[in-house]
Amino acid sequence: MSELTLAGRRAVVTGGAKGIGAAISRAYARSGAKVAVWGRDRDALHAMGEEIDGVAVECDVTSTESVEQAVGTTLDLLGGIDVMVANAGRAGEGIAFEAVDDELWADVIDTNLSGVWRCIRSVVPTFKEQRHGKVIVMGSLASVVGMSRAPAYASAKAGLLGLSRSAAAALARYNVQVNTVLPGWVRTGMSAPELDNDAVRVRLEDRTIQKRTGSPEDLAGVCVYLGSSASDFHTGDVIRVDGGYLLA
Ligand code: NDP
């Protein structure tokens, strides 16, 4: 039956203790899911795990070994995984286009693109075996509009569109749905350098038909839907949640 609830679902939220991920962890718990919060900051993880009566699992998405261990720990603690929210990401470069050196380029791609690949790949055996699963990828509007001072970030996020559609095609026969969410400007630690600057914030708000930036909670509802059986005929899609950025 198609229902907008996460009752009985076991979900991983990567980067689930801060910013957008924290809002998703809380919304998932409120909707009935048992949540495994993944991340690197031990204190933040444990605080969130306690708050939502979930579990905290240390994981660095730049390490295959760490991701594989986190899957094993999560399967042991929750008894299964039904939903993977691949949300963890690092900030863009924030420097002149041509100043991005090879090391910084590789680092941004490793976290924001390869990290999501590792997380999706790590749950494929479980999803195939149980013949169901949901993957929600946290992309960015940057994948569509580009970022002059963060080319690696925008490229990594654009790469996620190909990755998520490939995963949707590869896993459809196993009853696994894969979709990507594209947030616009959302107030978190990551966007603070831009949004704490009033002049920049006003310019960004002005480019948005809703005339405001987003809160992390603005992203949570669509992730609840995509993790629930209400989205069982919805896959390979890219959903903008940006208040109508650039439509103004
Ligand atoms: P935050 O900086 O608040 O959160 C980022 C999260 O990612 C943290 O929980 C952090 O966990 C985790 N993370 C970063 N690197 C790693 C790593 N190597 N391994 C594991 N976890 C990691 O940012 P947001 O909440 O804003 O960002 C969440 C997602 O939303 C990102 O993918 C971002 O690109 C995307 N996004 C954000 C927008 C915005 O305006 N805020 C706009 C568009 C997209 P920890 O500190 O524990 O390592």
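Taken together, the values in this text are just the output of simple stated rules run on the coordinates, not laboratory data. Model, not experiment: these values are computed from the prediction. When we count neighbours, we look across all protein chains shown, and the Cβ atoms used for this are built from the backbone with ideal geometry, even at glycine.
The relative contact order of the chain comes to 21 percent, based on Cα pairs under 8 Å that sit 6 or more residues apart. For the stretch 1-117, the spread of Cα coordinates along the three principal axes comes to 50, 31, 27 Å, biggest extent given first. Computed from Cα atoms, the angle from the helix 19-30 axis to the main principal axis of the chain rounds to 30 degrees. Computed over the chain with a Gaussian network model linking Cα atoms closer than 10 Å, the most mobile of ILE95, ILE81, ILE109 is ILE95.
Taking every DSSP beta bridge that has both ends in the chain, the antiparallel portion is near 5%. Under 5 Å from the amide H of ALA88 lie the amide H atoms of THR14, GLY15, each residue being 5 or more positions distant or on a separate chain, with H modelled from the backbone and absent for Pro and chain starts. Sorted from longest to shortest, the spans of the Cα atoms of the stretch 161-212 along the three principal axes equal 49, 24, 16 Å.
Remark on ARG240: its backbone amide H falls under 5 Å from those of LEU182, a criterion applied only to residues 5 or more positions apart or on other chains, H modelled at 1.01 Å from N. The length gained on full extension between SER166 and SER148, counted as 0.36 nm times the residue separation minus their Cα-Cα distance, comes to 3.8 nm. Say a paramagnetic label sat at a point 7 Å from the Cα of ASP232, along Cα to Cβ; which residues of the stretch 163-185 have their backbone N under 16 Å from it? Under cut-off, by backbone N: 172-178. Helix 64-78 and the longest principal axis of the C-alpha atoms of the chain enclose an angle of approximately 50°. Comparing mean-square fluctuations of VAL37, VAL116, VAL186 from a GNM of the chain with C-alpha springs under 10 Å, the top value falls on VAL186.
Think of the stretch 41-146 as a dipole: +1 on every Lys or Arg Cβ, -1 on every Asp or Glu Cβ, centred on the Cα centre; then among SER143, SER63, ASN112, SER143 lies furthest on the positive end. Remark on VAL135: its backbone amide H falls under 5 Å from those of MET84, GLN177, VAL178, ASN179, a criterion applied only to residues 5 or more positions apart or on other chains, H modelled at 1.01 Å from N. Rounding to the nearest 10 and keeping the result within 0 to 90°, find how far the Cα-based axis of helix 115-130 lies from the longest principal axis of the chain. Between the helix axis and the principal axis of the chain, the angle is about 20 degrees. Per-residue ellipticity at 222 nm, computed for the chain from helices alone with -39500 (n - 2.57) per DSSP H run of at least four residues, works out to -13500 deg cm²/dmol.
When Rg and the Kirkwood Rh are both derived from Cα coordinates, the Rg/Rh ratio for the stretch 132-248 amounts to 1.01. In order along the stretch 132-138, the phi-based Karplus estimate (6.51 cos²θ - 1.76 cosθ + 1.60, θ = phi - 60°) of 3J(HN,Hα) comes to 6, x, 10, 10, 10, 9, 8 Hz; Gly and Pro are listed as x. Our coupling estimate for the stretch 200-208, obtained by passing each phi through the Karplus curve with A = 6.51, B = -1.76, C = 1.60 and θ = phi - 60°, is 5, 4, 4, 5, 5, 4, 5, 7, 10 Hz, Gly and Pro reported as x. The trypsin sites (Lys or Arg not before Pro) of the stretch 129-204 meeting both criteria, a DSSP state outside H, G, I, E and B (loop) and at most 15 other C-beta atoms within 10 angstrom of the site's C-beta, are ARG131, ARG149. When only the Cβ of Lys, Arg, Asp and Glu is charged (+1, +1, -1, -1), the dipole of the stretch 1-104 relative to its Cα centre reaches about 680 debye. When only Cα pairs below 8 angstrom with a gap of at least 6 residues are kept, the stretch 163-248 shows a relative contact order of 44 percent.
Shape index of the chain: Rg/Rh, with Rg the Cα radius of gyration and Rh the Kirkwood radius from the inverse mean 1/r over Cα pairs, equals 0.95.
Counting only Cβ charges, +1 for Lys and Arg and -1 for Asp and Glu, the dipole size of the chain around its Cα centre is about 840 debye.
For the stretch 6-140, relative contact order (Cα pairs under 8 Å, six or more residues apart, normalised by length) works out to 24 percent.
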